[in-house]
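Scroll down for the structure; my scribbles are underneath it.
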Amino acid sequence: MSGRKRLAMSQPTEGAAGRTGSWRLFRPVIDAEKCNQCGLCQLYCPDAAIDQDLKIDLNYCKGCGICANECPKKAIEMVREEQ
Amino acid sequence: MTEIPKEEYVLKGTTACAGCSASLSLRYVLKVAGPDTVLVIPASCSSVIQGTYPNTALHIPVYNIAFAAAAACASGMSNAFRELGKKTNVIVYAGDGGTLDIGIQSMSGAFERGTDFLYICYDNEEYGNTGMQRSGATPLGARTTTTPAGKTEEKKDIDAIIAAHNPPYMATACSAFPQDIFKKVKKALSIRGPTFIHILAPCPSGWHYPPGKTIEIGRLAVKTGMWLLYEREYGQVSISSPSKAAMKNPAPLEEFLAPQRRFAGIDPKTVEILKQRIAQNIKRLTKEESGVC
C-alpha cells in the first residue's frame, strides 16, 4: 500500500474545483406554482446541480441558465446575484 | 427517461465553463457505462474539468495521457482486461483535436486492430482548451482566434474516415439529445469490437453565444441539417428520429448561424456553400440508408 500511496493519484471529491457556485452572476429561482415537474432542467443541467426532487444546489450551480432557457413552463427565472 | 440511472459519475464542482456541453455529454456516457469502466482522456477540455490534484471530479478510474497516444493506450488496456477475463468497458473520451488532427494515427491503428473499445469524439469544432484555435473540425466560415476572418477550408469528414475502417458500430449524436446519447452509448458498449460515437458539443465560450442557449444551439444544428444524427451498424445506416424530420424539411440555416458570434459577418457566398453541403449530405445519407451506395 505504501508504494500505492506514493502514486500521483487523485481522489474523487465533490467540489474538485472548489465551490463553483461563486462563479454565478445570475441565480435560477424556481416558481413552484408554474413548475409541472417534467424534469427537463435536471436532464439538461451540465453540472448535475439539480437533483431528482428538482432542488438546485446553489453551492455548485454556475448559473449558466440552461434550465431557465429549456423550461417549457417558463417556471425558472434568472435573478441577478446581489453581493 | 425513467431508465436513465440516477447515479452521477461527474461530481458537482468541475472546472468546466458554465453551460459546457462536453461535461453534459460525459454525464450521460458515464451513466450508461457505470462503475466498471476505465476512461482514457487525451489532452483536451475533459482533462482539465477534472479539477486539480489531489482531487478529481470524475468518480471512475481515469487515465490522462498524451494527445497522440489515447487509442494506443486504450488498445493495450482493453487487451489486458480481456486477457484477464474481465469485461471492463474501455472508453476514450477525446476532443476533436485529439481525434481529427493529432490523435488520428493511433485511432486508425486501434480500429484496424479491432480493439474492443468505445471511442467517443466530442466535437466542439475548435481547440477549446488552449484558447479556441482552428481545428480540422471547424466548419467553413467560422471565426476562431487563428482564423479571425473565418475559416476558408471545410470541415474534415471524420465519420467517412471511420466508416472506411468498417467498424461494427458507429454513430453521431448531439449533446442536445441526452436520451439519444444514452441509447447509442448503450448499444456501442454491448457490441464487441471497436465502436465510435461522434458527439457535437456546442461550446458557449468558443462559439460565442449566451451559455443558456447550449441546448437550443445543439437542437438548431440538427434541425437545420448542419449536424445529421445516424447510426451505422455492420454497414447498415439508419437515420435517428430527431434528424428524420429535419432532413425532410430542414429549417433555414440562418437560424443556426445568427445566434453565434463566430459566424458574425459571414459572407453570403459561404452561407450558400454551407447550404449546398447540407443538401449533398442529406442526399448521400438518404441514399446510404436505402442501400443505394
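Exactly one residue out of B:Pro242, B:Pro211, B:Pro250 is touching a Leu at 6+ places or on another chain (Cβ under 8 Å) and not hydroxyl-bearing (Ser, Thr, Tyr): that is B:Pro242.
Being within 24 Å of B:Cys174 (Cβ to Cβ) and touching a residue at least 60 places away in the same chain (Cβ under 8 Å): is that true of B:Lys6 here? No, not satisfied.
Does A:Pro28 meet the test of being buried (at least 20 other Cβ atoms within 10 Å of the Cβ) and farther than 26 Å from B:Ile60 by Cα? Criteria met by A:Pro28. For the range B:124-136, the tally of residues that are small (Gly, Ala, Ser) and surrounded by fewer than 24 Cβ atoms within 10 Å (Cβ to Cβ) stands at 2. Just one of the listed residues (B:Gly51, B:Gly19) is facing another protein chain (nearest Cβ under 7 Å), among the small types (Gly, Ala, Ser), crowded, with 17+ Cβ neighbours inside 10 Å and over 17 Å from the mean Cα position of the chain (by Cα), and it is B:Gly51.
Per this entry, A:Glu33 is not counted among residues that are acidic (Asp, Glu), assigned to a loop (DSSP other than H, G, I, E, B) and facing another protein chain (nearest Cβ under 7 Å). So which residues in the range A:41-61 are facing another protein chain (nearest Cβ under 7 Å) and aliphatic (A, V, I, L, M)? Within the range A:41-61, A:Leu43, A:Ala48, A:Ala49 qualify.
Can you confirm whether the range B:67-75 contains a residue that is assigned to a loop (DSSP other than H, G, I, E, B) and buried (at least 17 other Cβ atoms within 10 Å of the Cβ)?
There is no residue in the range B:67-75 that is assigned to a loop (DSSP other than H, G, I, E, B) and buried (at least 17 other Cβ atoms within 10 Å of the Cβ).
Return yes when A:Cys64 is out of contact with any strand residue (DSSP E or B) (no Cβ under 7 Å at 6 or more places or on another chain), under 28 Å from B:Gln179 (Cβ atoms), part of a loop (DSSP other than H, G, I, E, B) and facing another protein chain (nearest Cβ under 9 Å) and no when it is not. Yes. Scanning the range A:43-63 for residues that are surrounded by 14 or more Cβ atoms within 10 Å (Cβ to Cβ) and more than 9 Å from the chain's Cα centre (by Cα) gives A:Leu43, A:Tyr44, A:Leu54. Condition check for B:Leu26 on (1) surrounded by fewer than 24 Cβ atoms within 10 Å (Cβ to Cβ); (2) within 14 Å of chain A (Cβ to nearest Cβ): one failure, at (1).
Quickly run through the range B:102-126 and pick out the residues that are outside any helix (DSSP H, G or I), more than 15 Å from B:His198 (Cα to Cα) and not polar (S, T, N, Q). Of everything in the range B:102-126, those that are outside any helix (DSSP H, G or I), more than 15 Å from B:His198 (Cα to Cα) and not polar (S, T, N, Q) turn out to be B:Ile102, B:Gly114, B:Asp116. Which of the residues spanning the range B:228-266 are under 16 Å from B:Arg143 (Cα atoms) and of a type in the set (Lys, Arg)? Listed by number, the residues that qualify are B:Arg261, B:Arg262. Within the range B:135-149, is even one residue part of a helix (DSSP H, G or I) and either out of contact with any Phe, Trp or Tyr (no Cβ under 6 Å at 6 or more places or on another chain) or closer than 18 Å to B:Leu24 by Cβ (or both)? So far as the range B:135-149 goes, no, none of its residues is part of a helix (DSSP H, G or I) and either out of contact with any Phe, Trp or Tyr (no Cβ under 6 Å at 6 or more places or on another chain) or closer than 18 Å to B:Leu24 by Cβ (or both). Only a single item in (1) touching a residue at least 24 places away in the same chain (Cβ under 8 Å); (2) surrounded by fewer than 20 Cβ atoms within 10 Å (Cβ to Cβ); (3) within 10 Å of chain B (Cβ to nearest Cβ) is not met by A:Gly21, and it is number (2). Within the range B:16-33, the set of residues being over 16 Å from A:Leu43 (Cα atoms) and without any contact (Cβ under 8 Å) to a residue 40 or more places away in the chain comprises B:Ala16 only.
Every read-out reported here was derived from the displayed coordinates using simple, explicitly stated rules and does not represent laboratory data. Since this is a predicted model, take the numbers as computed values, not measurements. Cβ atoms come from the backbone with ideal geometry, glycine included; neighbour counts cover every protein chain shown.
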